[in-house]
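Participant: Take a look at the following structure, please.
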DNA sequence: CAGTGGTCTAGACCACGCT
DNA sequence: GCGTGGTCTAGACCACTGG
């Protein structure tokens, strides 16, 4: 808690954050240039730069070359979420992990999956359905499409001992990932597999990965809503990290 | 797409990312020290530092002083999500925003709210219930507790023209925010207010903010699952930002 | 075209925490 | 203790873009 223990770039960051929060700096206001602030805080421009860059990454300010830095429209908070591997998540709860493949076929994707993969409408891909257990209680139902153009080895892969996600992580690099979170009501099949009642809320994570613009995989990870909660902590200031 | 246009720190980052993804560097492996890598890449240590720092922030590697930098256990992806203000979210959809206060009373919090606020079990707080509309269609049901010890002005505030969240953002700074995402089935009251059927899936965002260890507010933001989807994009490499 | 942010260098000192 | 990462400086050049 020693004041001098706090790095200079955090002091600057917090100082600006306070001014923004207390309304001294309002959305749309321009803040001082890096060079000016460096003089104000008696430090190097690089130090100021880091402070403001982090504020920009966190959505508090918007930067444009030549135009300067402005306070972003209020209230847009961004936070970091971690999407863990099922196995790790289950083992972290002190349960034993087990999974079971339910389906593994080549098929032509339809609807959401088709759109997500962005393949030729007639092209087929690998479809995998599996369920993940925590101590023999269903924890996650996984439906996954894999683009065989990008990952041809998947066609002959066996998912006896390693689950599709972990196999994919080890096999195929990706350049871009998208995640979507949503809530749905379980249909008959989903609820049967997850040991729920039809209509029970599901917490759904969708993941889509690409490599250089080509889809690698699209997955839907469905969890019983009753025992799933995704957490995100965000220290806005006065802390490291 | 010009290769030379890519900053050096990103080249280093992507190079390491590729090695990790292709299994050349496996979880637990130690990677070269900053100084060594600076020589390998013929650049300053600060440049290497930035590359590795970002990898650490994104969860790909773990750093410890003296012990060095190691590849994190595979697959732990972290991504940034933005939690927008309701009003902005609704207006971004091209709809007009309107909200209505349903309840505004001083009461003793119970259950989750009590735990979240961490107040004296007998202490009362301000409870607010409101609903937010997109073009007269219910979009979000909000239940919020405000700690009056920290924000005494809330007791006399009127939420006729400004909604509780926006009022709070303008009024009270905070140092720490936590968010939780989950899926629940709507009960009778919730479904009536949101224009749904009982049992329909809700996408719930819980937000808790603190200032120096003292709770400011705890809010539950409930959305009809059928038309709510929270998105997170994450460019792992080969892109800026 | 000129001002702003974005990146980079070649040093330096310090704090932490393995060994 | 000592090696590692964490931070910082005082410069520099460049890229973008708004005026």
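The values are calculated or read from the model by the stated rules, or taken from the named source; none is laboratory data. Just so it is clear, the model here is predicted, and its values are computed rather than measured. Note: ideal-geometry Cβ built from the backbone for every residue, glycine included; neighbour counts use all protein chains shown.
Participant: What's the number of the only condition in (1) modelled with pLDDT under 95; (2) within 14 Å of chain B (Cβ to nearest Cβ); (3) crowded, with 18+ Cβ neighbours inside 10 Å that residue A:153 fails to meet?
Facilitator: So residue A:153 meets the others, but not (3).
Participant: For segment B:224-233, which residues satisfy the criterion of being within 8 Å of chain A (Cβ to nearest Cβ) and in a strand (DSSP E or B)?
Facilitator: Those that are within 8 Å of chain A (Cβ to nearest Cβ) and in a strand (DSSP E or B): B:229, B:230, B:231, B:232, B:233.
Participant: Would you mind finding the one in A:155, A:226, A:177 that is closer than 30 Å to residue B:198 by Cβ and touching a residue at least 24 places away in the same chain (Cβ under 8 Å)?
Facilitator: Just one listed residue meets the conditions, A:226.
Participant: Looking at residue A:144, is it in a strand (DSSP E or B), within 11 Å of chain B (Cβ to nearest Cβ) and modelled with pLDDT of 90 or more?
Facilitator: no
Participant: Sticking with this one: Does residue A:123 satisfy the condition of being out of contact with any strand residue (DSSP E or B) (no Cβ under 9 Å at 6 or more places or on another chain), more than 14 Å from every other protein chain (Cβ to nearest Cβ) and more than 16 Å from residue A:228 (Cα to Cα)?
Facilitator: yes
Participant: So for segment B:40-59 (the condition being more than 10 Å from DNA strand C (Cβ to nearest atom) and over 32 Å from the mean Cα position of the chain (by Cα)), does at least one residue qualify?
Facilitator: yes
Participant: Could you say whether any residue in segment A:38-49 is within 14 Å of chain B (Cβ to nearest Cβ) and away from DNA strand D (no atom under 11 Å from the Cβ)?
Facilitator: no
Participant: Now a separate question. Six or more apart or on different chains, Cβ under 7 Å: which pairs go from a residue in segment A:9-27 that's facing chain B (nearest Cβ under 9 Å) and under 13 Å from residue B:172 (Cα atoms) to one that's part of a helix (DSSP H, G or I) and away from DNA strand D (no atom under 16 Å from the Cβ)? Could you list them?
Facilitator: A:23/B:170
Participant: Please find, within segment A:62-76, the residue that is farthest from DNA strand D (Cβ to nearest atom) out of those that are in contact with a helix residue (DSSP H, G or I) (Cβ under 9 Å, 6 or more places away or on another chain) and within 14 Å of chain B (Cβ to nearest Cβ).
Facilitator: A:75
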